[in-house]
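Before any comments, here is the structure.
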Amino acid sequence: MRATESFRIEPLSSVHDRSGFSSGSAPLDRYFREQASQDVKRRIATCFVAVNAQTGEVGGFYTLAATSIVLDALTPDIAKKLPRYPVVPAALLGRLAVSGRCQGKGLGSALLGDALIRTSRTEIGVFVMLVDAKDDAAQRFYERYGFSLLPGEVRRLSLPIATALRQLATMHVPTKRP
Ligand SMILES: CC(C)(COP(=O)(O)OP(=O)(O)OC[C@H]1O[C@@H](n2cnc3c(N)ncnc32)[C@H](O)[C@@H]1OP(=O)(O)O)[C@@H](O)C(=O)NCCC(=O)NCCS
């Protein structure tokens, strides 16, 4: 990725070429190439892509889906501030990947910021974003942005949307809104 490259983030559609996408994670690449558009069509998830404004190349993507979490599965300091409803509405950032060529240039954090902003703007109540980190490195990436491991979970992390909004000012979100 050259310093002059700029990206816009938009919903996945048939105009996006997914065939050559390669993030270094075979399951994520396979999902993006073979499954993502099916999930969108069936309303299982939404998928957003970072598109190079000059070339149209897809530099990264993420998926979002509605989910919920049992109140007591949240960290106690967060749960204690909430009404004692049994479950809390959540958004699942199911997948996030940046193409190898574009990694390390801020695109992953831009996509994460975009996911948090879109979630905060939805007209349905969403208290918290959940992510499943695929390995230690991914976990560290999410922890940089305030996600914390849920009690008793190995790789599932959470970040309240309100907390994220307070932090977004410090995040790099350089892309144009669609
Ligand atoms: C993880 C991933 C999405 C990060 O995207 P990226 O565009 O390379 O990340 P950024 O350039 O936005 O990095 C933002 C910050 O996170 C840090 N970071 C990036 N990847 C990291 C990692 N694997 N571990 C720890 N920190 C990481 C960067 O050093 C950077 O910090 P800085 O601002 O102080 O320099 C990308 O590397 C990727 O797609 N990896 C393969 C798939 C994957 O692991 N997906 C995670 C979901 S399970």
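Couple of notes before you dig in:
- Considering the conditions (1) buried (at least 17 other Cβ atoms within 10 Å of the Cβ); (2) at pLDDT below 95, residue 20 is excluded by exactly one of them, (1).
- Meets criteria (under 10 Å from the mean Cα position of the chain (by Cα) and farther than 19 Å from residue 40 by Cβ) for residue 110: yes
- Of the numbered criteria (1) more than 14 Å from residue 93 (Cα to Cα); (2) part of a strand (DSSP E or B), the one residue 14 fails is (2).
- Residue pairs meeting the criteria (Cβ under 7 Å; at least 6 apart or on separate chains; first farther than 12 Å from residue 91 by Cβ, in region 112-126; second part of a helix (DSSP H, G or I) and not hydroxyl-bearing (Ser, Thr, Tyr)): 113/168
- Cβ-Cβ distances below 8 Å connect the following pairs, each with a first residue in region 61-88 that is within 26 Å of residue 25 (Cβ to Cβ), a second residue that is surrounded by 12 or more Cβ atoms within 10 Å (Cβ to Cβ) and among the polar types (S, T, N, Q), and a separation of six or more residues or different chains: 63/46; 64/46; 64/119; 65/46; 69/158.
- Residue check, residue 88 out of contact with any strand residue (DSSP E or B) (no Cβ under 9 Å at 6 or more places or on another chain) and among the β-branched types (Val, Ile, Thr): no
- Scope region 17-47; condition in a loop (DSSP other than H, G, I, E, B), farther than 15 Å from residue 96 by Cα and not acidic (Asp, Glu); matching residues: 19, 20, 42, 43, 44
- Qualifying position, being part of a helix (DSSP H, G or I), β-branched (Val, Ile, Thr) and away from the ligand (no atom under 16 Å from the Cβ), among 78, 69: 78
- Picking from residues in region 112-163 that are among the charged types (D, E, K, R), touching a Lys or Arg at 6+ places or on another chain (Cβ under 9 Å) and not in a helix (DSSP H, G or I), the one that is nearest to the ligand (Cβ to nearest atom) is 134.
- Of the residues 9, 44, 78, the single one that is aliphatic (A, V, I, L, M), modelled with pLDDT under 95 and either in contact with a helix residue (DSSP H, G or I) (Cβ under 8 Å, 6 or more places away or on another chain) or closer than 25 Å to residue 139 by Cα (or both) is 78.
- Cβ-Cβ distances below 9 Å connect the following pairs, each with a first residue in region 3-25 that is in contact (Cβ under 8 Å) with a residue 40 or more places away in the chain and of a type in the set (D, E, K, R), a second residue that is loosely packed, with under 11 Cβ neighbours inside 10 Å and not in a loop (DSSP other than H, G, I, E, B), and a separation of six or more residues or different chains: 8/176; 18/34.
The values are calculated or read from the model by the stated rules, or taken from the named source; none is laboratory data. This is a predicted model, so every value here is computed, not measured. Quick reminder, even Gly has a Cβ in these numbers, built from the backbone with ideal geometry, and neighbours come from all protein chains shown.
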